[in-house]
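What follows is a single structure, written as structure tokens, with notes after it.
Readers should treat all values here as calculations from the given coordinates under stated rules, not as data from a laboratory. Given the structure is predicted, the values throughout are model-derived calculations rather than measurements. Cβ coordinates were reconstructed from backbone atoms using ideal geometry, including for glycine residues, and neighbour counts include every protein chain displayed.
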Amino acid sequence: MFHTKLLLESQLEQVFEYMTAERHAGNWGMDISHWDWVPGVGVISILDYGLAAGEDKAVHYVQEWVERNRRQAGEIRVINSMAPYAVFPGLYRRTQDSWFLLKAEEIAGWMLKTAPRTREGALEHTVTEAADFPEQVWADTVYMAVLFLARLAGLNGERRMAEAALEQTLLHLRLLQDGQTGLLFHGWNCREGCHMSAVRWARANAWITLAVPQIAAEIKGITGIPDELHIRYNQLAAALRACQAEDGLWHTVLNRPDYYKETSGSAGIACGFIRGVSSGLLDASYLASAEQALAGILPLITNDGEVQGVSGGTPVMPSVEDYGGIAVYPTLYGQGLVMQLLAQTLALPGMATGDTPPKERQGDKLE
């Protein structure tokens with residue numbers, strides 16, 4: 001199935017309008033007016049859409065969002081509240097407003113000097129909710145915090161920030177990657193030396209699949225990228241491609257085809273494949289998998305722009321069975337990850353022009 005430029009633009013507009021509608025106020029999954037990871041992924045995605053598609057109104061929305069919520073910036077310093085800062089380097093480049101740079105460097109200083117770490121040196125995953133996960137490493141951290149650190153390093157050229165971003169990325173891959181399958185576990189308990197419920201959760205894999213190419217692209221001119229990162233990322237991508245369902249989506253537990261398919265994780269993985277190809281980490285054959293995922297996701301966008309099939313907030317659950325019972329409802333991160341997939345597809349040279357379907361141009365078949 002081939003998707004024209006006009007279709008992708010129309011879907012992006014609908015998803016954007018749904019995300020930013022005022023009627024979602026007070027809804028945990030869709031309320032964009034607070035400072036945490038859920039709206040953070042939302043504004044990261046909106047800015048990505050604005051820059052990739054040349055939509056000034058989307059960029060302006062993110063600028064206005066930060067202005068409305070800037071009093072909240074820094075009030076709570078946990079890993080999940082770092083997510084919105086990932087837009088600051090891009091906004092600084094756009095506006096040259098020194099506040100974006102100074103605030104970003106202040107927050108990065110907290111991450112480098114004060115943020116809790118596990119005994120291995122990985123950032124401990126901390127949240128805004130009244131919950132503690134001592135000595136726990138979660139895949140989510142790479143997207144919620146390390147991506148911001150890498151983007152700031154790409155802006156200011158500071159080697160120590162670039163090296164810290166690389167160190168955290170590699171630590172998370174080492175601690176979370178399953179040596180047998182190449183997939184990632186959701187979390188690692190450093191105190192107990194185990195992966196807890198040892199679940200290969202789709203959205204955990206998506207956060208890292210999507211973040212790593214962006215991190216590598218930001219820091220590659222500042223510090224060397226070791227072969228280990230390339231090897232581990234390619235192992236992950238190959239393992240993910242191997243468990244992609246026929247309709248292009250991934251199951252919420254990757255190795256459990258009896259569990260439901262989940263949209264946000266599928267979009268994040270597919271967009272990560274596009275980012276991986278664009279950054280040179282993956283070969284072009286992965287674009288076929290991304291196209292297949294897009295074909296499966298587009299029917300899940302309603303006429304008013306709601307992305308369906310998104311699982312709710314998910315800490316590391318006690319058992320694999322608990323992951324199969326996570327409720328499904330609209331969220332900003334679900335909207336956002338689909339938005340990123342659409343925007344990055346639209347930005348690919350010749351991929352959405354309506355001239356030649358990608359599978360014919362590349363010689364790949366969609367299985």
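Given R0 = 41 Å, the distance between the Cβ atoms of ASP56 and ASP132 translates into a calculated FRET efficiency of 0.45.
Share of pairwise Cα-Cα distances greater than 18 Å in segment 1-137 is 60 percent (whole percent). Report the paramagnetic label zone for ASP283: residues of segment 217-256 whose backbone N is under 20 Å from a point 7 Å from Cα along the Cα-to-Cβ axis. Those under the cut-off are 227-244. Segment 79-104 and segment 232-272 have their alpha-carbon centroids 31 Å apart.
The residue list SER81, VAL253, GLN96 was ranked by how far each Cα lies along the charge dipole of the chain toward its positive end, using unit charges on Cβ atoms, and GLN96 comes out on top. Here's the picture: charge each Lys and Arg Cβ at +1 and each Asp and Glu Cβ at -1 in the chain, and of GLN63, VAL15, GLN214 the one pushed furthest to the positive end of that dipole is GLN214.
With only Lys, Arg, Asp and Glu charged, each at its Cβ (+1 for the first two, -1 for the last two), find how big the charge dipole of segment 1-86 is about the Cα centre; round to the nearest 20 debye. Intermediate results must be reported in sequence, preceding the final value.
Values: 7 positive and 12 negative charges, 43 e Å.
So the magnitude is around 200 debye.
Segment ASP322..ASN303, full-extension length gain: 3.7 nm, with 0.36 nm per residue of separation and the alpha-carbon distance subtracted.
In units of 2.2 N^0.38 Å, what is the alpha-carbon radius of gyration of segment 137-209?
Ratio of Rg to 2.2 N^0.38 Å for segment 137-209: 1.16.
Sparsely packed loop sites in segment 1-92 (the GluC sites (Glu not before Pro) outside DSSP H, G, I, E and B with at most 10 other Cβ atoms within 10 Å) comprise GLU75. Between GLY268, GLY179, GLY276, the residue with the greatest mean-square fluctuation in the GNM of the chain (Cα pairs under 10 Å linked by springs) is GLY179. Annotation for segment 1-93: trypsin sites (Lys or Arg not before Pro) lying in DSSP loop with at most 16 further Cβ atoms inside 10 Å of their Cβ are ARG77. P(r) for segment 1-72, from all Cα pairs and a bin width of 10 Å, is 19, 51, 23, 6, 0 %, short bins first. Relative contact order of the chain: 21 percent, from C-alpha pairs under 8 Å at least 6 residues apart in sequence. Simple point charges give the picture: +1 on the Cβ of Lys and Arg, -1 on the Cβ of Asp and Glu, and for the chain a dipole about the Cα centre of about 700 debye.
Among the helices of the chain (complete DSSP H runs), which have Cα atoms covering no less than 18 Å along the helix axis and a Kyte-Doolittle mean of at least -0.5?
5-19, 37-53, 98-113, 159-176, 202-219, 227-242, 263-279, 332-347
Using only side-chain charges placed at the Cβ, +1 for Lys and Arg and -1 for Asp and Glu, the dipole size of segment 103-227 relative to its Cα centre rounds to 180 debye.
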